[in-house]
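Report on one structure; see the data block that follows.
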Ligand SMILES: Cc1cc2nc3c(=O)[nH]c(=O)nc-3n(C[C@H](O)[C@H](O)[C@H](O)COP(=O)(O)OP(=O)(O)OC[C@H]3O[C@@H](n4cnc5c(N)ncnc54)[C@H](O)[C@@H]3O)c2cc1C
């Protein structure tokens, strides 16, 4: 029998999900890996709106769960939505105890904001529109002051080591060198996948790394086709793209094209229609060769800078003055509802492996995420995963390296093409031909010897194949060739590496081939 060794729990990623698990596990020893300095490259730090929790007098977890399930468009998990909504008030209390200073009213009670598709004011926020930055600062300070947490900066997880089907360690890359870290258990908390797209609001390192790690270890993926596109990312020559939040439209700003036409005037809800509807209408204009602008000149004019100081600053950097200029915008990949399938304890389908935060698919968001539910999910599941891990042994079988080392080489061109392919064919509006084309190219790139290409292509392939299989439109997934939701498809989707390996014929898909480099 193989010798067993003492090992910590290894948490891959240091956003709200990773740090919540680490803090909730204390005093049990954990190692937290982050490729960047702590606080950098995390979507958590960029969150503006806040965190949803039913703590208002006229609110209840049942109403919060109801709104969550409505947004989820028929494939949210009612049990999970009810459990997460019920756990939300305590999660906010935990953050307060960890030093997060949420905004309060004059009477000292928490200030509760309202966001689209919430039937009550229930968005807890901090520093006005700086919730994520305030939360990250508090969690980092706590984590640094907790002796059981070892924070390893500059370390990227590149593979999971498995022995007899159980995860026993993580292979990491640090300062250009590979090493293996034994783990009593591994928690993936690597965030989203927006960086796979040419237009995104996510940190560029958010490329679904945890999804690729889990898939290669045999884990099941869920609801991969559901990507939420934010309609109004600012076209300011920046990558990733800054956001002009929904609040700008809430203040009366309208959407116009370069002919000066208000193209959403006749749509129910006009510019305040659901996020996916607005994103699609903007995408249609752009596909027709138009440029789209967010026009706040009449609604706000000279008041814009005082109401939206951060949007103003971002625009000014690009030479745009929102009080006198319309702001050029386009949709951008913003949130991934799909990910590594987990159960109500955060367990993946592979022994020894848990997933938390945006990398996971819990069933909470279904086909579409309700605003401000994602930070909440990270905190709530962080606690549930820590409780589940409390019973696991603190030793493991000594792990062996999982993958051969590949010499570093230039990947920039291929990655640029891959991101453009995702935006063009697996983006806001999809159809059979585009998806088949994308699948052919992604299947080829998934076999690339360079892990940076292969892993991204694998995640893109899982999204494209799931989108191709779902012959309907629902939530964040829209097919122009099948624009209606169908009852037969009102169920989550599942996919594994085995489904993707050697893909040559997917619903008549052409065999994998090299992408044209023109
Ligand atoms: C602009 C913007 C605004 C948003 N506003 C809100 C909001 O108001 N409310 C809300 O609820 N949600 C909001 N969201 C969504 C929310 O911020 C994210 O869903 C959430 O922060 C995800 O947390 P996480 O811990 O899962 O991932 P992240 O915070 O992104 O952290 C991921 C971590 O994993 C690390 N990592 C990645 N790959 C590897 C690897 N291979 N090895 C080791 N580490 C790795 C990253 O470096 C990082 O440390 C917003 C998102 C964006 C982009």
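The values are calculated or read from the model by the stated rules, or taken from the named source; none is laboratory data. Predicted model, so just to flag it, every value in this text is computed and none were measured. So basically every Cβ, Gly included, is an ideal-geometry build from the backbone, and we count neighbours across all protein chains shown.
Worth pointing out:
- Number of positions in region 134-167 that are at pLDDT below 95 and not in a strand (DSSP E or B): 2
- Residues considered: 252, 205, 260, 191. Of these, the only one that is more than 15 Å from the chain's Cα centre (by Cα) and at pLDDT 95 or above is 260.
- Inside region 143-155, residues that are within 15 Å of the ligand (Cβ to nearest atom) and either touching a helix residue (DSSP H, G or I) at 6+ places or on another chain (Cβ under 8 Å) or within 14 Å of residue 9 (Cα to Cα) (or both) make up a count of 5.
- Hits in region 48-57 (condition: within 29 Å of residue 243 (Cα to Cα) and over 18 Å from the mean Cα position of the chain (by Cα)): 53, 54, 55, 56
- Checking residue 456 against (1) closer than 26 Å to residue 177 by Cα; (2) part of a helix (DSSP H, G or I); (3) modelled with pLDDT under 95, the condition it does not meet: (3)
- The residues on offer are 158, 84, 124, and the sole one that is buried (at least 17 other Cβ atoms within 10 Å of the Cβ) and closer than 21 Å to residue 400 by Cβ is 158.
- Some residue of region 178-189 being touching a strand residue (DSSP E or B) at 6+ places or on another chain (Cβ under 7 Å), near the ligand (Cβ under 7 Å from one of its atoms) and within 23 Å of residue 460 (Cα to Cα): yes
- Members of region 97-134 found to be within 15 Å of the ligand (Cβ to nearest atom) and free of Cβ contacts under 8 Å to residues at least 24 places away in the same chain, listed by number: 111, 114
- Filtering region 8-55 to residues that are touching a strand residue (DSSP E or B) at 6+ places or on another chain (Cβ under 9 Å) and modelled with pLDDT under 95 leaves 46, 48, 49, 50.
- Within region 21-37, being near the ligand (Cβ under 8 Å from one of its atoms) and more than 11 Å from residue 190 (Cα to Cα) holds for one residue alone: 36.
- Checking the stated criteria, residue 198 turns out not to satisfy the condition of being away from the ligand (no atom under 14 Å from the Cβ), farther than 22 Å from residue 234 by Cα and within 23 Å of the chain's Cα centre (by Cα).
- Qualifying residue in region 266-273 (condition: surrounded by 19 or more Cβ atoms within 10 Å (Cβ to Cβ), outside any loop (DSSP other than H, G, I, E, B) and either modelled with pLDDT of 95 or more or more than 16 Å from the ligand (Cβ to nearest atom) (or both)): yes
- Qualifying residue in region 174-187 (condition: touching a helix residue (DSSP H, G or I) at 6+ places or on another chain (Cβ under 6 Å) and closer than 30 Å to residue 231 by Cα): no
- Selection within region 201-210 - more than 9 Å from the ligand (Cβ to nearest atom) and under 28 Å from residue 4 (Cα atoms): none
- Residue ranges of helices (runs of 4 or more DSSP H) in region 287-401 with at least 2 members touching a strand residue (DSSP E or B) at 6+ places or on another chain (Cβ under 9 Å) and within 16 Å of the ligand (Cβ to nearest atom): 309-317, 374-389
- Evaluating residue 346 against the criteria (1) buried (at least 24 other Cβ atoms within 10 Å of the Cβ); (2) closer than 27 Å to residue 246 by Cα leaves one unmet condition, (2).
- Test for residue 60: is it more than 29 Å from residue 489 (Cβ to Cβ), within 12 Å of the ligand (Cβ to nearest atom), over 17 Å from the mean Cα position of the chain (by Cα) and surrounded by fewer than 18 Cβ atoms within 10 Å (Cβ to Cβ): no
- One residue from 300, 314 being surrounded by 15 or more Cβ atoms within 10 Å (Cβ to Cβ), at pLDDT below 90 and either over 30 Å from residue 492 (Cβ atoms) or in contact with a helix residue (DSSP H, G or I) (Cβ under 6 Å, 6 or more places away or on another chain) (or both): 314
- Of 224, 241, all but one fail to be assigned to a loop (DSSP other than H, G, I, E, B), crowded, with 19+ Cβ neighbours inside 10 Å, out of contact with any helix residue (DSSP H, G or I) (no Cβ under 8 Å at 6 or more places or on another chain) and in contact (Cβ under 8 Å) with a residue 24 or more places away in the chain; the exception is 241.
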